[in-house]
Every structure is written in C-alpha cells, then in structure tokens.
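Visitor: Let me give you the structure first, and then I'll get to my questions.
The values are calculated or read from the model by the stated rules, or taken from the named source; none is laboratory data. These numbers were taken from a predicted model, which means no experiment stands behind them. As a convention, Cβ positions derive from the backbone with ideal geometry for all residues, glycine included, and neighbour counts pool all protein chains shown.
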Amino acid sequence: DAKTTQPNSMESNEEEPVHLPCNHSTISGTDYIHWYRQLPSQGPEYVIHGLTSNVNNRMASLAIAEDRKSSTLILHRATLRDAAVYYCILRGAYDWANNLFFGTGTRLTVIP
Amino acid sequence: DTEVTQTPKHLVMGMTNKKSLKCEQHMGHRAMYWYKQKAKKPPELMFVYSYEKLSINESVPSRFSPECPNSSLLNLHLHALQPEDSALYLCASSQIGGAGEQFFGPGTRLTVL
C-alpha cells in the first residue's frame, strides 16, 4: 500500500515556479522523504531527500511541514525538460528495505 | 561513475524461453533492487539484495529468479513467463540504510509473446 498521496497531474508555464505536494500522514520519525522523477522512456532519477529540515540542491528545493505529514517539491523555474512524473516515497532509515512503495506520482506538464 | 547499466535494452521472448536480464553498478553500493513497471503505472518493488543476500522478495512468482553473483552485478533469470509479465524492468542500487538514495538504470523493456 502506497504511504504517500500526490495529485495525479499538474501543469505549469515555462519559467514559472512549480510546487508539487505530497501527503504522508503515516510517516514515522525515522522515515526519510525522497523525491524521484521519471522522464519519458527513462528510469527514475533521484531529485532530493530530506528528514526534518528544508533542503536545497541544484535541481530543486524540498519544503517539509513541521509535523512532517506533508512535503512540497519546489522547482524554481520550470523548463520543458522538467516535464516528467514526480514520485514522493518514504524510506526508513533502519527498516530501509521494507515498504519501498512508489505512489501514483504527479505528471507535470510544462507549457511553453 | 554514478551509472547503473542494464542489458539488454529490449527483449522479446516466448513463453517457453529462458532469458536473463543483467544489471551492473560500480558505485560501491551494497543494496541492489529489481522493480517492475507496467505502462503508465509506478514502479513496483520485486526484490532487494543487501550485501549480496536476498533480503526482500515481494511475493514474486518463481518464474522470476534473481541472482547477485557479486557486489556489482545483479541478474534476473526469466523462465516460462506469461504475456502479462511484459513490462519495463528496472534495476537500482543504493547505499545500505541511512537516506540511501537510489540510482536507477534505464530499464529493460520486456515483451512476452
């Protein structure tokens, strides 16, 4: 059973910021929040992860709610190359091999 | 080298054939994974290897037989598959425990006739 829920699809205009939400109300204290994206005809690609604090890297930012029951992946300026399915998954720090479920993901369409 | 390679890219096999999928990584990762992905669906975990030992088998039928001959290689042996097994088979690797972000290969597109 997927432990995360995401909207099925979202649209964004090119060069606009995009906020992709994820709900994970059953998260445990040692679960990391991971985001991956899958471009057409490719394997998933790691984007970012976090535990409690907000995180930034060259690809995106991750904002984590204070209660950790939700998170938001932020793409600061969407490009056409960001059109993909974005998955949010939980990964236990200790029980890491169990329950590695990808939810349905959010299909992001970027409009030129 | 942050690449996971998978061969072959495409495979067509009959229901009586025996074939194998191969996955390789040289990142020193000691966890390796097989996922199955049907069209327009998320990846589904099949197997997890930890230190070359099978640690997770998500109730996968025995016609799929994984093997991890060393820390860099992961195989998936296929025998007597059904047409509904046609899918994209993805391999991934990661560090053990911790955040353990996974690195995925491009997948093998399998068609069972």
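Visitor: Filter segment B:31-50 down to residues that are farther than 25 Å from residue A:40 by Cβ and out of contact with any Ser or Thr (no Cβ under 6 Å at 6 or more places or on another chain) and give me whichever is surrounded by the fewest Cβ atoms within 10 Å (Cβ to Cβ).
Guide: Applying the filter and picking the extreme gives B:50.
Visitor: Take segment B:64-113 and flag every residue that is within 14 Å of chain A (Cβ to nearest Cβ) and among the acidic types (Asp, Glu).
Guide: B:101 - this is the single residue of segment B:64-113 that is within 14 Å of chain A (Cβ to nearest Cβ) and among the acidic types (Asp, Glu).
Visitor: When you go through (1) buried (at least 20 other Cβ atoms within 10 Å of the Cβ); (2) over 14 Å from the mean Cα position of the chain (by Cα) one by one for residue B:93, which number turns out not to apply?
Guide: Against the list (1) buried (at least 20 other Cβ atoms within 10 Å of the Cβ); (2) over 14 Å from the mean Cα position of the chain (by Cα), residue B:93 comes up short only on (2).
Visitor: Regarding segment A:15-25, can at least one residue be identified that is more than 22 Å from residue A:109 (Cα to Cα), away from chain B (no Cβ under 14 Å), of a type in the set (S, T, N, Q) and in a loop (DSSP other than H, G, I, E, B)?
Guide: Here is the first cut: in segment A:15-25, the ones more than 22 Å from residue A:109 (Cα to Cα) are A:24-25.
Of the ones still in play, those that are also away from chain B (no Cβ under 14 Å) are A:24-25.
Within this subset, residues satisfying the condition of being of a type in the set (S, T, N, Q) are A:25.
Remaining after also requiring in a loop (DSSP other than H, G, I, E, B): A:25.
Scanning segment A:15-25 turns up at least one residue that is more than 22 Å from residue A:109 (Cα to Cα), away from chain B (no Cβ under 14 Å), of a type in the set (S, T, N, Q) and in a loop (DSSP other than H, G, I, E, B).
Visitor: Something else: Only one of (1) without any contact (Cβ under 8 Å) to a residue 40 or more places away in the chain; (2) of a type outside the set (Val, Ile, Thr); (3) at the interface with chain A (Cβ under 9 Å from one of its Cβ atoms); (4) surrounded by fewer than 19 Cβ atoms within 10 Å (Cβ to Cβ) fails for residue B:61. Which number is that?
Guide: Unmet for residue B:61, out of (1) without any contact (Cβ under 8 Å) to a residue 40 or more places away in the chain; (2) of a type outside the set (Val, Ile, Thr); (3) at the interface with chain A (Cβ under 9 Å from one of its Cβ atoms); (4) surrounded by fewer than 19 Cβ atoms within 10 Å (Cβ to Cβ): (3).
Visitor: Among the residues of segment A:51-69, count how many are at pLDDT below 95 and under 21 Å from residue B:43 (Cβ atoms).
Guide: Counting residues in segment A:51-69 that are at pLDDT below 95 and under 21 Å from residue B:43 (Cβ atoms) gives 1.
Visitor: Identify all residues within segment A:30-50 that are assigned to a loop (DSSP other than H, G, I, E, B) and either more than 10 Å from chain B (Cβ to nearest Cβ) or farther than 23 Å from residue B:108 by Cβ (or both); write none if there are none.
Guide: Matches in segment A:30-50: A:30, A:39, A:40.
Visitor: I need the full set of residues from segment B:81-113 which are in contact (Cβ under 8 Å) with a residue 12 or more places away in the chain, closer than 16 Å to residue A:38 by Cα and in a loop (DSSP other than H, G, I, E, B), in order please.
Guide: Correct list: B:102, B:105, B:106, B:107.
Visitor: Which count do you get for residues in segment B:14-29 that are at negative phi, surrounded by fewer than 17 Cβ atoms within 10 Å (Cβ to Cβ) and not β-branched (Val, Ile, Thr)?
Guide: Going through segment B:14-29 one residue at a time, the tally reaches 8.
Visitor: Return yes when residue A:20 is within 15 Å of the chain's Cα centre (by Cα) and closer than 23 Å to residue B:94 by Cα and no when it is not.
Guide: So residue A:20 does not fit the description; no.
Here's the yes/no breakdown for (1) within 22 Å of residue A:106 (Cα to Cα); (2) in contact with a Lys or Arg (Cβ under 8 Å, 6 or more places away or on another chain); (3) without any contact (Cβ under 8 Å) to a residue 40 or more places away in the chain:
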site	(1), (2), (3)
B:14	no, no, no
B:20	no, no, no
B:25	no, no, no
B:28	no, no, no
B:31	no, no, no
B:36	yes, no, no
B:53	no, no, yes
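So that you can scan it fast, the table gives a plain yes or no per residue for (1) in contact (Cβ under 8 Å) with a residue 12 or more places away in the chain; (2) crowded, with 19+ Cβ neighbours inside 10 Å; (3) of a type in the set (A, V, I, L, M); (4) farther than 28 Å from residue B:89 by Cα:
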{"site": "A:40", "(1), (2), (3), (4)": "yes, no, no, no"}
{"site": "A:43", "(1), (2), (3), (4)": "no, yes, no, no"}
{"site": "A:48", "(1), (2), (3), (4)": "yes, yes, yes, no"}
{"site": "A:54", "(1), (2), (3), (4)": "no, no, no, yes"}
{"site": "A:65", "(1), (2), (3), (4)": "no, no, yes, yes"}
{"site": "A:68", "(1), (2), (3), (4)": "yes, no, no, yes"}
{"site": "A:74", "(1), (2), (3), (4)": "yes, no, yes, yes"}
{"site": "A:85", "(1), (2), (3), (4)": "yes, yes, yes, no"}
{"site": "A:89", "(1), (2), (3), (4)": "yes, yes, yes, no"}
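Visitor: What's the number of the only condition in (1) surrounded by fewer than 17 Cβ atoms within 10 Å (Cβ to Cβ); (2) among the hydroxyl-bearing types (Ser, Thr, Tyr); (3) touching a Phe, Trp or Tyr at 6+ places or on another chain (Cβ under 8 Å) that residue A:36 fails to meet?
Guide: So residue A:36 meets the others, but not (1).
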